[in-house]
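To keep things clear, I will list the structure first and then write my remarks on it.
The values are calculated or read from the model by the stated rules, or taken from the named source; none is laboratory data. Keep in mind the model is a prediction, meaning the values are calculated, not measured. For neighbour counting, all protein chains shown are included, and Cβ atoms are generated from backbone atoms with ideal geometry for every residue, glycine included.
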Amino acid sequence: MTRYDDRYDAFGYECEDYDGTIELNDYLTPKEVMELLAIGKNTFYKMVQTRQLPAFRVGKQWRVKRADIEPWADGRMDR
């Protein structure tokens, strides 16, 4: 998963002072979940609607707790 943060400059090049650590957010966006689980947009929203995937809204934006999708990403649960 590619994240554009302090690791990259404005042109997309890796900064020289980057120490190699990546801070991962505990709450993921739908796009990040779709990348991790290799699923599409419709599948994501269907899983949220049927409560297979625990998610919550912050305003108009959906968020998923990282710990809730780790079993899916590790392949321990069937989709």
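Using the structure shown, decide if G75 is modelled with pLDDT of 60 or more and on the phi > 0 side of the Ramachandran plot.
Numbers: modelled with pLDDT of 60 or more: yes; on the phi > 0 side of the Ramachandran plot: yes.
Yes: the conditions hold for G75.
Just the residues that are surrounded by 12 or more Cβ atoms within 10 Å (Cβ to Cβ) and out of contact with any helix residue (DSSP H, G or I) (no Cβ under 8 Å at 6 or more places or on another chain), please, taken from the range 61-76. Before you say what the answer is, go through the steps one by one.
The initial filter retains those residues of the range 61-76 that are surrounded by 12 or more Cβ atoms within 10 Å (Cβ to Cβ), namely 62-66, 68-70, 72-73.
Once the filter is applied, which keeps residues that are surrounded by 12 or more Cβ atoms within 10 Å (Cβ to Cβ) and out of contact with any helix residue (DSSP H, G or I) (no Cβ under 8 Å at 6 or more places or on another chain), the range 61-76 yields R63, K65, R66, D68, E70.
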For the range 46-60, what are the residues that are modelled with pLDDT of 90 or more and either surrounded by 15 or more Cβ atoms within 10 Å (Cβ to Cβ) or part of a strand (DSSP E or B) (or both)? M47, V48, L53, A55, F56, R57
